[in-house]
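K.L.:
Let me give you the structure first, and then I'll get to my questions.
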Amino acid sequence: MTNANTITGNLDPLFHPAAHYASPDDVLNDNELSVPEKRIILSSWASDMFAVESCPALRDIPGMGHTIRLADILAALRRLDGDDEPPRPGGLPMRLRRPWACGGRF
């Protein structure tokens, strides 16, 4: 396997991001990338394809030389969307009360 870090000069950052970026913040701070390009890179890093088998919260990206936390990748994706807040635990209930479902009674 070729070490991507040694041949960065000829590689396109979009197709070989690990050769150009050491962290999700590096991707976000690259002003030459568009928002969709940043999303492509970060989403590919978040992919289960790179999950560490014994620790799924980490991603081992070929050519990176170190693991990256999935939480950091997801936080970077949220910042792209203008949402710096982490997701709240839980969510909306799957079933909402509908007056017509109970004959008009709750």
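K.L.:
Summarise the accessible area of region 36-85 (1.4 Å probe, protein heavy atoms) by the percent that is carbon and sulfur.
P.N.:
Solvent-exposed carbon and sulfur of region 36-85 make up 54 percent of the total.
K.L.:
Moving to a separate point now. Between residue 22 and residue 81, what's the calculated FRET efficiency when r is the beta-carbon distance and R0 is 22 Å? Round to 0.05.
P.N.:
For R0 = 22 Å, the calculated efficiency reads 0.45.
K.L.:
To continue, here is another question. Please give the net charge around residue 57, taking every other residue with its beta carbon less than 14 angstrom from that of residue 57, where Lys and Arg add +1 and Asp and Glu add -1.
P.N.:
Taking every Cβ under 14 Å from that of residue 57, the sum is -2.
K.L.:
So what's the net charge close to residue 42: Lys and Arg +1, Asp and Glu -1, counting the other residues with Cβ under 13 Å from its Cβ?
P.N.:
0
K.L.:
What residues have an amide H closer than 5 Å to that of residue 58, excluding those fewer than 5 places away on the same chain, when H is modeled at 1.01 Å from N in the peptide plane?
P.N.:
Sorted by chain and number, the residues that satisfy this are 52, 70.
The values are calculated or read from the model by the stated rules, or taken from the named source; none is laboratory data. As the structure is a prediction and not an experimental result, all values here were calculated from the model. No Cβ is skipped: glycine too gets one built from the backbone with ideal geometry, and neighbour counts run over all protein chains shown. Protein only, heavy atoms only, side chains kept; ligands, DNA and RNA dropped before computing areas. Shrake-Rupley method; radii C 1.70, N 1.55, O 1.52, S 1.80 Å.
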